[in-house]
Amino acid sequence: MPIDLTKLNKEQKEAVLYGKGPLLIVAGAGTGKTTVITQRIVNLIEKGLAKPEEILAVTFTEKAAFEMEERVDKLLEFGYVDLWISTFHAFCEKVLRENALDIGLPPDFKLLDGTSGWLLARQNLDKFDLNYYKSLGNPTKFIQALISHFSHCKDQEIYPENYLEFADALKTTDNGPEDQETERVKEVANAYYTYQKILLDNGALDFGDLINYCLKLFKKRPLILKKYREKFKYILVDEFQDTNWAQYELIKLLAEPENNLTVCADDDQAIYRWRGASFSNIIKFQEDFNNEKQISLINNYRSCQNILDKSYSFIKQNDPDRLEFRIKINKKLVADTSEKGVIEHIHAKTLDQEVGQTLKKILEILKRDKEALYNDFAILVRANDSAIPFIKALERAGLPYQFLASRGLYSKPVILDVISYFKLLDNYHEGTAV
């Protein structure tokens, strides 16, 4: 069914109907960016500018990719079959499995997550020649730190051979003994090379390898790059502020020479800087495509104006490291509703008091608003460990909750009980398990 442009505001409509060339959409929270991206995809198909299989849309999470697929499917009259909507890693995995032999990889390579990579390194610990980082205790404790460091290298497109070259360049020029820093860097470089060799010897790749080997494939095999460039007439990237160097290089390489590349970004919502995501990629996009069209979405359909104003006053504390400050654009969100939100500050002298007052406020609202449910409330914390006092208080109060973190499995009561039972079965004299 044709898209309904009457439901879009001026800026949204401009972004949806934009034709060829690079496009930067700066979209604040709640401004309908997913709607814009999905309707832009449908418009390209309906106008005959591209077939479904000639459009590539990439985002960061499987959930976001599924939501985008679902929306596009509902908007297209006959649905779609060959439209490429996926995460960066899923896209690269598909490309590599189709062309693995051209770069010396087995097509049936195993994809390892963080835990599997740790286990493989642990099984081959004797292959790592460590002196500077030789562990005095448990020799496996440092493995996760090393793998995390290697992952950051891959995010920046630094291969083991690049690291080794860098380490060799640090050698002293007077042929004297190497200092500790040189020794340390050389040891890490050799460990990176060893880790990568272990992966390849076992027919395995980790998630960082998917991006890097795909980049290497495109750079070393120009005919394969040409095939994919001709295949994808339009490329769209959601959450562009969360791309790292390697991901941006991949997309930029694929978009040439037509550069029909749409990126949607909001530096104020960057959440992956800890794993190499770079706010500078947005600035770099403007430098690389100096003829790009720029559209800002500031009409917010999610919150009330006083909440938006309070959020804006907080986020401005990040100046000058913000896009609004750097390129002088307006990112102050404007609410679509005239209603006023409730903002209340709970100030407590201690953490226990803060937790108690928070739960008291939840119970007050539940008592006052008969339509309110427990899943209408969210307690946000800075780090997973900061949630523990709230979890314990909720348990003591008998209030239902869900801890939506990807860690802490082994500290959950039901898991602790199961482990205790296993310990008891193994040794009934185990005091802590009783």
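The values are calculated or read from the model by the stated rules, or taken from the named source; none is laboratory data. What you are looking at is a predicted structure, and each value in this text was computed from that prediction instead of being measured. We place every Cβ from the backbone using ideal geometry, glycine too, and count neighbours over all the protein chains shown. When the accessible area is computed, the model is the full protein with side chains, heavy atoms only, and any ligands, DNA or RNA have been set aside. Shrake-Rupley method; radii C 1.70, N 1.55, O 1.52, S 1.80 Å.
Could you give the DSSP H helices of the chain that reach 24 angstrom or more along their long axis (alpha carbon positions) and whose average Kyte-Doolittle hydropathy is no lower than -0.5? Those that clear 24 Å and a mean of -0.5 are 351-368.
Considering the options 205, 308, 72, tell which one lies farthest towards the positive end of the dipole of the chain, charges being +1 on Lys and Arg and -1 on Asp and Glu at the Cβ, about the Cα centre. Checking the options against the dipole of the chain, the answer is 308. In this structure, the residue pairs whose Cα-Cα separation is over 27 Å, taken from 110/284; 154/226; 33/332, are 110/284.
Accessible surface for the range 225-366, divided over its residues, is 54 Å² per residue with a 1.4 Å probe.
Entry comment: accessible area of the range 71-118 is 53 Å² per residue, from protein heavy atoms only and a probe of 1.4 Å.
Since only 347, 193, 234 are under comparison, the one whose Cα sits farthest along the positive direction of the charge dipole of the chain, derived from C-beta charges on Lys, Arg, Asp and Glu, is 347. Separation of the range 352-377 and the range 283-337, taken as the distance between their Cα centroids, equals 33 angstrom.
From its DSSP helices (H runs of at least four residues, each -39,500 (n - 2.57)), the chain gives a residue-normalised ellipticity at 222 nm of -14500 deg cm²/dmol. Quick note on the range 181-279: its Rg to Rh ratio, both from C-alpha atoms and Rh being the Kirkwood radius, is 1.06. Computed over neighbours whose Cβ is under 13 Å from that of residue 372, the net charge equals 0, Lys and Arg +1, Asp and Glu -1. The chain: longest stretch without exposed chymotrypsin sites (Phe, Trp or Tyr not before Pro) (DSSP loop, at most 10 other Cβ within 10 Å), sites themselves excluded? Answer - 79-427.
One entry in [x] 32.5; [y] 20.5; [z] 29.3 is mean projected area of the Cα convex hull in nm² calculated from the shown coordinates; its label is [z].
Protein-only accessible surface at a 1.4 angstrom probe places the residues 122, 221, 40 in the order 122, 221, 40, largest first. Taking other residues whose beta carbon is less than 13 angstrom from the beta carbon of residue 67, and scoring Lys, Arg as +1 and Asp, Glu as -1, yields -2. Considering only protein heavy atoms and a 1.4 Å probe, what is the carbon-and-sulfur percentage of the accessible area of the range 1-133? It is 51 percent, rounded to a whole number.
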